[in-house]
Amino acid sequence: MNIHSIEEKVRAGGRIDEDEALFLFHTQDIHALGRMAEMARRRWNGNRVYYIVNRHINYSNVCVDSCKFCAFARKPGKNGAFEYSIEEMVERAERGAAEGATEFHIVGGLHPALPYEYYLDLLRTLKARFPAIHLKCFTAVEISHMARLFHRGIEQMLRDLIDAGLGSLPGGGAEMFSQRVRDILCPEKLYVEEWLEVHRTAHRLGLRSNATMLYGHVEQPEEIIDHLAHIRPLQDESGGFLTFIPLRFQSRNTRLEGVMCTGLKDLRVHAVSRIYLDNVPHMKSYWTMLGVKCAQVMLQFGADDFDGTVVDEKIVHMAGSSSPKRLHVSEIRRLIEEAGREPVERNTLFEPITRTEPLPAVTA
Ligand code: V47
C-alpha cells in the first residue's frame, strides 16, 4: 500500500477500506491527502459550498448524564441550570424568524422531568407560528431518553414527534463509537447500537439526519476510523444521512481541561472522513468549534458546508470556544469565496434558496 495507489483508487471513484484510511491518517503528505479529499468533495458538490441562515436554540441544559467532555450540562436545581418555557422558546425563535432563518436547530440535555407534552407542544407551537421554518430537533440520545422515559418504542416516539412538526434529526450525541473511549468519556451514554438504531428508524420513516464525531480528546487514529466504519454501512443501507460533521473537542470548563487538538489533526480528520465516507453527500466545516479561520481552511480539505449563522449556541461556548456567537451571511460568503468556491444558501435539505429580498437586519 502506498499513497499513490490510494490516490489512484480515489481518483477512479473507488472505495478505500479501513487500512487505507488509517494509512492516509498517518501520512505526512498532507497535500496529497487534501487533493484526494477535494476530489471526493468535488464529485458530490462541484464548486459549491453551502451555508444556511439558521438559529440554534437550546431548550435546557439539565441532564442526567455526566459526560466528561461536556461543559454545558447541569444537574437539576444546580447553579446555572436552565430550562426555557415554550413561550421563552417562541421568543427566541421569533428573533431568528425576524432575521430570515429557515431552520431552528433545537437540542438540550437529558432532562429527567420535562413532560411528554412539553416536547410535542414545543414542536406544534413552533410549527404553527413559523410554518415555513424547518425544525431540526433532538439528538438520537434525546430521542432514546424520551422513548425510555415515556415508555414508547423509538419508532412510536419518532412518529409522535414527526406528527407534531419534527423535520429532521441533527447529528449530535454520537461522540465516538469506540467502547474504550466511551468508558472514559461517557460511560452512562446510550450504546452505539442504539444511536445507530434511532437514525436507522428515522431514515425508514422518511426523515433525513446528520452524523457527528467528537474528536481531539483521548482517541487513537484507529478509533476515528472505527467511528467512520459504523456510519458508512448504515448509509449504504438507508441513504438517510445528509451531512457528516467532525466536531473538534473544546476542553475548557470540562473535566478534560487542557487537552489540546492540533491543526494537522483537524486537517487529517476532515480529509480522511471525506474520502472514506464516499456515500455521504456533504461534510460540514463547523466554524463554531474549529474557529472561523481553521473552518475556512477545511474548505480546501473536503468540506462543502459551512453550517450557518448559528447565533446563540451554548454547548461549545460554555466549553470555552473563542469563536463569535454568530456570523453574518456577508462574512460567510466572503470566507467561501476566498476559498475559491461558489457560496450557495441552502435549506436544511440542501435545496438552494434564492432570496428575492435582502436579508432583514440582525436584531440580537
Ligand atoms: O452531541 C459537547 C458535542 C454536540 C463538547 O447536525 C462538544 O447539523 C466539542 O451535534 N467540545 C452537539 N463538542 C453539536 C452538534 C451539531 C452541531 C452543529 C450542527 C449539527 C447538525 C450538529 O456537541 C454534542 C457533543 O458531541 N460536544 N461538548 C465540547 N466540549
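Here are the numbers for the structure shown:
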{"read-out": "Failed criterion for residue 40 (all others in (1) assigned to a helix (DSSP H, G or I); (2) under 19 Å from the mean Cα position of the chain (by Cα) hold)", "value": "(2)"}
{"read-out": "Among the residues listed as 300, 296, the single one being over 19 Å from residue 242 (Cβ atoms), open to solvent by 70 Å² or more (accessible area, probe 1.4 Å) and in contact (Cβ under 8 Å) with a residue 40 or more places away in the chain", "value": "300"}
{"read-out": "Condition check for residue 279: modelled with pLDDT of 95 or more and within 16 Å of the ligand (Cβ to nearest atom)", "value": "no"}
{"read-out": "Residues being open to solvent by 10 Å² or more (accessible area, probe 1.4 Å) and under 20 Å from residue 243 (Cα atoms) - total across region 178-195", "value": "3"}
{"read-out": "Region 47-89 - residue that is touching a residue at least 60 places away in the same chain (Cβ under 8 Å) and more than 16 Å from the ligand (Cβ to nearest atom) and, of those, nearest to residue 105 (Cα to Cα)", "value": "48"}
{"read-out": "Complete set of residues in region 202-252 that are touching a helix residue (DSSP H, G or I) at 6+ places or on another chain (Cβ under 9 Å), among the basic types (Lys, Arg) and either open to solvent by less than 10 Å² (accessible area, probe 1.4 Å) or more than 21 Å from residue 17 (Cα to Cα) (or both)", "value": "204, 208, 248"}
{"read-out": "Meets criteria (within 30 Å of residue 354 (Cα to Cα), not polar (S, T, N, Q) and not in a loop (DSSP other than H, G, I, E, B)) for residue 10", "value": "no"}
{"read-out": "Subset of region 126-144 that is touching a helix residue (DSSP H, G or I) at 6+ places or on another chain (Cβ under 8 Å) and either in contact (Cβ under 8 Å) with a residue 60 or more places away in the chain or over 19 Å from residue 347 (Cα atoms) (or both) - its residue that is nearest to the ligand (Cβ to nearest atom)", "value": "141"}
{"read-out": "Scan of region 334-353 for residues that are of a type in the set (A, V, I, L, M, F, W, C) and either in contact with a Ser or Thr (Cβ under 6 Å, 6 or more places away or on another chain) or closer than 29 Å to residue 207 by Cβ (or both), ordered by number", "value": "336, 344, 349, 350, 353"}
{"read-out": "Selection count, region 43-67, where residues are in a loop (DSSP other than H, G, I, E, B) and farther than 23 Å from residue 227 by Cβ", "value": "6"}
{"read-out": "Number of positions in region 14-37 that are open to solvent by 30 Å² or more (accessible area, probe 1.4 Å), in contact (Cβ under 8 Å) with a residue 24 or more places away in the chain and within 26 Å of the chain's Cα centre (by Cα)", "value": "5"}
{"read-out": "Hits in region 204-235 (condition: over 30 Å from residue 163 (Cβ atoms) and either assigned to a strand (DSSP E or B) or modelled with pLDDT under 95 (or both))", "value": "213, 214, 215"}
{"read-out": "Pairs, first at pLDDT below 95 in region 238-265, second of a type in the set (Lys, Arg) and near the ligand (Cβ under 10 Å from one of its atoms), C-beta under 6 Å, six or more apart", "value": "255/68; 256/68; 261/248"}
{"read-out": "Total residues in region 318-364, condition open to solvent by 50 Å² or more (accessible area, probe 1.4 Å) and among the small types (Gly, Ala, Ser)", "value": "4"}
{"read-out": "Members of region 120-165 found to be assigned to a loop (DSSP other than H, G, I, E, B), open to solvent by 50 Å² or more (accessible area, probe 1.4 Å) and closer than 16 Å to residue 105 by Cα, listed by number", "value": "131, 132"}
{"read-out": "Residues of region 264-320 classified as farther than 15 Å from residue 44 by Cα and in a helix (DSSP H, G or I), total", "value": "19"}
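The values are calculated or read from the model by the stated rules, or taken from the named source; none is laboratory data. Everything quoted here is computed from the prediction, not taken from an experiment. FYI the Cβ positions are ideal-geometry reconstructions off the backbone, even for glycines, and counts take in every protein chain you see. Just the protein is used for accessible areas: all its heavy atoms, side chains included, with ligands, DNA and RNA removed. Shrake-Rupley method; radii C 1.70, N 1.55, O 1.52, S 1.80 Å.
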